[in-house]
């Protein structure tokens, strides 16, 4: 009897039998024990493959392990719009690219898409797009916590998005900084202050808004406000489409214990 769940049920059965409960009641109570244990165990999906993707509470959200910058092992546990880094063996230099970007997704990441009808949206007619995010972050390792908003020239991203990558950098640890160069400082967007960085990555523009006062959670984050600010700066084309909103961690060194406790994205009614 190797399973700890089976051992718990077996011990419960022995105890109930010892106090003289009837066979039918005994069987029913043991079944309840097994049912509760089994249901809690099945609520979590574990991803350990480099490119593993799984639903994160239905198909409205996806989770990805996304180990793309290293060959070191990593596993994440996926729940209902939640994710936790269980193990991460990374040790990348902080001045280079991260080892992995485990995250939750709404929309399309490369050719993996959630079952939602409100994305993509065209920038020129973008409705209100907001997001709530609550994270738990450890005090060891080198990492950041950030949103990544992807833009594509067409309404469906088939392959790599060819428009822009908009990063909303919430908090970091270990002395890392956004790539590229700072083009604006202490800019007010969506009710907070940000430093704006600009970089080119494989022909795609990456705009990073680095929060001046770091946080681990946000409520009603106005993603449209960042999009419109980047559009005014000439970094996002109004003809492009917002195809995905992601939230997670970029991991350079370690990262186990970091978690997304909840994540949601709301898209308002679109203009015809």
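The values are calculated or read from the model by the stated rules, or taken from the named source; none is laboratory data. Predicted model, so just to flag it, every value in this text is computed and none were measured. Positions of Cβ are generated from backbone atoms using ideal geometry, with glycine treated the same way; all protein chains shown enter the neighbour counts.
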Do the conditions hold for residue 184, that is, is it surrounded by fewer than 15 Cβ atoms within 10 Å (Cβ to Cβ) and part of a strand (DSSP E or B)? yes
Within segment 119-172, residues farther than 26 Å from residue 85 by Cβ and part of a strand (DSSP E or B) come out as 121, 122, 129, 151, 152, 164
Go through the residues of segment 263-271 one by one and say whether even a single one is closer than 24 Å to residue 87 by Cα and surrounded by 19 or more Cβ atoms within 10 Å (Cβ to Cβ). yes
Whether any residue in segment 126-143 is surrounded by fewer than 21 Cβ atoms within 10 Å (Cβ to Cβ) and within 22 Å of residue 200 (Cα to Cα) is what I want to check. no
With the condition kept exactly as written, say whether any residue in segment 91-103 is closer than 23 Å to residue 164 by Cα, assigned to a strand (DSSP E or B) and at pLDDT 95 or above. yes
Candidates 234, 163, 191, 220 - the one that is within 22 Å of the chain's Cα centre (by Cα), at pLDDT 95 or above, assigned by TED's automatic domain parsing to the domain that holds residue 108 and farther than 26 Å from residue 90 by Cα: 220
Just to be sure before I move on: is residue 70 out of contact with any helix residue (DSSP H, G or I) (no Cβ under 7 Å at 6 or more places or on another chain), assigned to a strand (DSSP E or B), at pLDDT 95 or above and in the same structural domain as residue 215 (by TED's automatic domain parsing) in the structure I sent? no
Identify, please: which residue in segment 108-125 is more than 20 Å from residue 53 (Cβ to Cβ), surrounded by fewer than 21 Cβ atoms within 10 Å (Cβ to Cβ) and in contact with a strand residue (DSSP E or B) (Cβ under 7 Å, 6 or more places away or on another chain) and is, among those, modelled with the highest pLDDT? 122
